[in-house]
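The values are calculated or read from the model by the stated rules, or taken from the named source; none is laboratory data. All values derive from a computational prediction rather than experimental measurement. Positions of Cβ are generated from backbone atoms using ideal geometry, with glycine treated the same way; all protein chains shown enter the neighbour counts. Areas reflect the complete protein model, heavy atoms only, side chains present, ligands, DNA and RNA absent. Shrake-Rupley method; radii C 1.70, N 1.55, O 1.52, S 1.80 Å.
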Amino acid sequence: MYNRNLDIQGSGMTSQRTRDRLVQLLRSKGIEDEAVLHMISKIPRHLFVDEALSIRAYENNALPIGYGQTISQPYIVARMTELALKTERPLTKVLEVGTGSGYQAAVLAPFVKELYTVERIKPLYENTKQLLRDLGYRNIRTLLSDGSWGLAKEAPFDAIVVTAAPEQVPEVLLEQLAEGGRLIIPVGQQGTQQLLQVITRYPEQHYETVTYEPVQFVPLIRDKN
Ligand code: SAH
């Protein structure tokens with residue numbers, strides 16, 4: 001259960017000063033998009049984790065959110081958001097696969113018109129839906145569904161951000177990109193190296209892949225065939 005008293009401002013280990021230190025760290029690690037850094041400094045990450053973990057919310061670490069899942073590391077959230085925004089194209093419709101705590105969705109949503117986010121674990125979906133609503137997000141649509149199949153009924157997307165790692169890129173996600181749209185996705189086996197990739201769709205089913213740094217994500221689970 002998230003911290004329901006919604007202390008957005010925070011104090012001590014959740015204060016603005018602590019958040020600003022995290023932003024400095026992310027800048028030193030190479031995050032360059034100041035709008036993204038500003039968003040990280042504003043969003044109360046401590047509300048996206050269990051209250052007992054809130055004092056650790058502004059460390060640059062992944063933290064458990066129950067059900068064997070984790071809230072992504074702030075660096076990775078900043079990086080994926082920065083990569084999603086590195087385009088001339090307006091981000092009208094965006095899909096996130098793997099809602100989890102909702103933190104990545106909260107950081108990304110202010111930059112896009114409509115953000116669809118899908119989660120397969122029901123209690124996480126329910127908890128996060130409520131949190132995002134309580135925080136006042138109006139352009140995030142949360143859905144309980146297996147995102148390894150994308151979200152066909154809302155496709156095409158200007159960007160798809162996947163926050164769990166498949167061993168191989170699901171073809172169907174590529175097909176749900178608009179022309180010029182980008183898939184931001186960690187790819188690789190658990191326990192071995194996963195790599196962050198950005199795949200851009202061009203006309204006539206042509207795709208271009210750029211590989212970024214090694215990352216560590218929980219697996220993207222495929223429920224059915
Ligand atoms: N974006 C999240 C990261 C959560 S970890 C955050 O900021 O907190 C990845 C999440 O992906 C987990 O909640 C996991 O349950 C979910 N997930 C894994 N496979 C999935 C699938 N096929 N469809 C939807 N969600 C999936």
Condition set within 17 Å of F157 (Cβ to Cβ) and open to solvent by less than 60 Å² (accessible area, probe 1.4 Å), scope segment 199-225, selection nearest to the ligand (Cβ to nearest atom): answer is L220
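With the structure loaded, tell me whether G98 is near the ligand (Cβ under 6 Å from one of its atoms) and either buried (at least 24 other Cβ atoms within 10 Å of the Cβ) or among the hydrophobic types (A, V, I, L, M, F, W, C) (or both) or whether it fails that test.
Answer is yes for this residue.
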Y103 meets each of (1) among the hydroxyl-bearing types (S, T, Y); (2) free of Cβ contacts under 8 Å to residues at least 40 places away in the same chain; (3) open to solvent by less than 10 Å² (accessible area, probe 1.4 Å) with one exception, condition (2)
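Considering only residues of segment 68-91 that are out of contact with any Pro (no Cβ under 7 Å at 6 or more places or on another chain) and over 19 Å from V36 (Cβ atoms), which is nearest to the ligand (Cβ to nearest atom)? Quick ask: steps written out before the conclusion?
Step one: of segment 68-91, the residues out of contact with any Pro (no Cβ under 7 Å at 6 or more places or on another chain) are 68-69, 71-91.
Subsequent filtering for residues that are over 19 Å from V36 (Cβ atoms) retains 68-69.
Working: G68: 8, Q69: 4 Å.
Result: Q69.
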Filtering segment 177-192 for residues that are surrounded by fewer than 21 Cβ atoms within 10 Å (Cβ to Cβ) and closer than 20 Å to L83 by Cα leaves a count of 4
Restricted to segment 10-33 and to residues being farther than 24 Å from E82 by Cβ and free of Cβ contacts under 8 Å to residues at least 12 places away in the same chain, the residue most open to solvent (accessible area, probe 1.4 Å) is S11
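Residues of segment 149-174 being within 11 Å of the ligand (Cβ to nearest atom) and closer than 23 Å to E213 by Cβ, which ones? Spell out how you get there, then give the answer.
Within segment 149-174, the subset within 11 Å of the ligand (Cβ to nearest atom) is 149-151, 161-166, 170, 173.
If the condition is that a residue be within 11 Å of the ligand (Cβ to nearest atom) and closer than 23 Å to E213 by Cβ, then V161, V162, T163, A164, A165, P166, P170, L173 are the ones that fit.
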For segment 147-183, the count of residues that are of a type in the set (D, E, K, R) and within 16 Å of the chain's Cα centre (by Cα) equals 2
